[in-house]
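Just below is one structure, and these are the notes that go with it.
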Amino acid sequence: MDFPSATRDLPIHGKLMWIVIFAFALRVSVRWYFGSPDLGESGYSFFFALAKNIAAGNGFTFDGGTATAFRVPLYPMFLATVTFGSQTFLPVLLAQSLIGAGTVWCAAMLARDMFGNAAAITAAILTAIYPYFVLHDTALQETSLYTFLMALAVLLLLRARRSGSPFTATGAGLALGAAVLTRANLAPFALFAPLWLALAGGLRAAPLRRRLWIAVLCASVGALTVSPWLIRSYLLTGSGTLTTQAGFFLWLGNNPYTFSRYPRESIDRSQAIALALMGSQEKSELEALSSKEAMVDRWFLKRGLDYICDHPWQTLGNGFRKVVDAFGWLPSPRRSFWPSVVYALSYGPVMILGLWGMLASRGHWREHSIFYAQFVAFAAVTAVFFGHTSYRVYLDVYWIVFAAGLLAALRSKYVCTSNAGGSRKLRSFL
């Protein structure tokens, strides 16, 4: 397969701007049509409960409660900023639609840097109309924010590797830190990214000494971004942790009732069953620890580890099951017939074309290993804990980018022999 070499000389910013504006308008219109979620009744209403207290100056707490570190803080802080604690969805709708449009721009820039202008336009269009993004970018959840932050971080990492720019490396570290403060399970990739900056050489990479410098800079900025939250967690709980739900989530993904409802239904349904069927002694122990969230988390951590040690082969099989379902063509949790059909008919082709594009461009494996690492990190975290479609969807941006590169290559090979801006040298990858 022949891929167009990446160039930046053709003016496509005007076209991309119209696509980004369209993406913003589409997200606003679709959410307006389906109706806004009630901030007090949504399944993710705890985000707004935290946001209200932040906006009121009470800190990261629930109503009438003490300070907590049970979730990373960036999305509640974002909600507090755009709503000022007011129970209205319009500011959230506009702000998250803008973030979704930002993801469209990031996808286009990734495709442009890697595969050229034609791929950039294709990636922008696909991301703009991708059904899951269109609907869920405006939901009361952190998905749209961490999808954007991860796409931005990868874009900056790729450019920092090539240019050796300290400014770009600083931006990459800041984006990585912000992504981790939006969803804690992105931490494994954030730890790997600076190492990739240093070691991912190749013809298009900056000299090794320069890459080492920007890797240290990226790691330092990322650590500084996350450190205030870690210090707060340590002072609050005695443990410098991102979240005091890690142990609970390990147990939730590794207990006899994990698959009682999950993955066809929400893991919350399995959680309710597992908690209800606890023995009286376990319930008494939890009640005695209820005021100490870090100790509660360690209590669940021990039980999750005990279950894994007692059922090693079952845990291994369950891990594969979790990963397969997280990447499956049916959404998890399952939806009604038509939403499931729309999901399968959009995600399925994007996944196939994305995998084909990754395979076809394997000659650039050093540079593209930053994408492979994200898939591996997500699969590992999902196998150990659990994962729904909404957890995985940030990876769909990269399926789209590689699919756009593949479609641009097919077009160059079978439809036209030159691009609008002049002939391009084609390089064979297969």
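The values are calculated or read from the model by the stated rules, or taken from the named source; none is laboratory data. Predicted model only: the values in this text are computed from it and were never measured. As a convention, Cβ positions derive from the backbone with ideal geometry for all residues, glycine included, and neighbour counts pool all protein chains shown.
Those residues that are in contact (Cβ under 8 Å) with a residue 24 or more places away in the chain, small (Gly, Ala, Ser) and either surrounded by fewer than 19 Cβ atoms within 10 Å (Cβ to Cβ) or more than 20 Å from Pro73 (Cα to Cα) (or both), I need them from segment 247-274; list them, please.
Scanning segment 247-274 gives Gly253, Ser266.
Answer yes or no: is there a residue in segment 176-183 that is crowded, with 20+ Cβ neighbours inside 10 Å, under 15 Å from Phe371 (Cα atoms), in contact with a Cys (Cβ under 9 Å, 6 or more places away or on another chain) and at pLDDT 95 or above.
Within segment 176-183 (the criterion being crowded, with 20+ Cβ neighbours inside 10 Å, under 15 Å from Phe371 (Cα atoms), in contact with a Cys (Cβ under 9 Å, 6 or more places away or on another chain) and at pLDDT 95 or above), the answer is yes, since at least one residue qualifies.
Checking Val384 against (1) in contact with a Leu (Cβ under 9 Å, 6 or more places away or on another chain); (2) among the aliphatic types (A, V, I, L, M); (3) modelled with pLDDT of 95 or more; (4) under 22 Å from Ala107 (Cα atoms), which test does it fail?
Of everything listed in (1) in contact with a Leu (Cβ under 9 Å, 6 or more places away or on another chain); (2) among the aliphatic types (A, V, I, L, M); (3) modelled with pLDDT of 95 or more; (4) under 22 Å from Ala107 (Cα atoms), Val384 misses just condition (4).
For segment 329-349, how many residues are hydroxyl-bearing (Ser, Thr, Tyr) and over 22 Å from Phe386 (Cβ atoms)? Break it down stepwise before answering.
At the first step, the residues of segment 329-349 found to be hydroxyl-bearing (Ser, Thr, Tyr) are 332, 336, 340, 343, 346-347.
Filter once more, so that each one left must be over 22 Å from Phe386 (Cβ atoms): 336, 346.
Total satisfying the criteria: 2.
So which of Glu282, Glu287 ends up being charged (D, E, K, R), under 21 Å from Thr68 (Cα atoms), out of contact with any Lys or Arg (no Cβ under 7 Å at 6 or more places or on another chain) and loosely packed, with under 14 Cβ neighbours inside 10 Å? Full working, then the answer.
Numbers: Glu282 fails: under 21 Å from Thr68 (Cα atoms).
None of the other options fit; the residue is Glu287.
Condition check: surrounded by 24 or more Cβ atoms within 10 Å (Cβ to Cβ) and either farther than 20 Å from Ser369 by Cα or out of contact with any Cys (no Cβ under 7 Å at 6 or more places or on another chain) (or both). Does Leu135 satisfy that?
When the stated conditions are applied, Leu135 does not pass them.
Which of (1) surrounded by 18 or more Cβ atoms within 10 Å (Cβ to Cβ); (2) within 17 Å of Ala151 (Cβ to Cβ) does Ala379 not meet, given it meets every other one?
For Ala379, the failing item is (2).
How about segment 53-166: which helices (runs of 4 or more DSSP H) wholly inside it have at least 2 residues that are under 25 Å from Ala190 (Cα atoms) and in contact with a Phe, Trp or Tyr (Cβ under 9 Å, 6 or more places away or on another chain)? Before you say what the answer is, go through the steps one by one.
Working: elements: 74-83, 90-115, 117-129, 131-136, 143-163.
In segment 53-166, 74-83, 90-115, 117-129, 143-163 are the helices (runs of 4 or more DSSP H) which contain 2 or more residues that are under 25 Å from Ala190 (Cα atoms) and in contact with a Phe, Trp or Tyr (Cβ under 9 Å, 6 or more places away or on another chain).
Which of the residues belonging to segment 192-241 are surrounded by 15 or more Cβ atoms within 10 Å (Cβ to Cβ), among the hydroxyl-bearing types (Ser, Thr, Tyr) and within 22 Å of the chain's Cα centre (by Cα)?
The answer is Thr225, Thr241.
Filter segment 252-274 down to residues that are of a type in the set (A, V, I, L, M) and over 15 Å from Lys322 (Cα atoms), then give me how many there are.
Here the count works out to 3.
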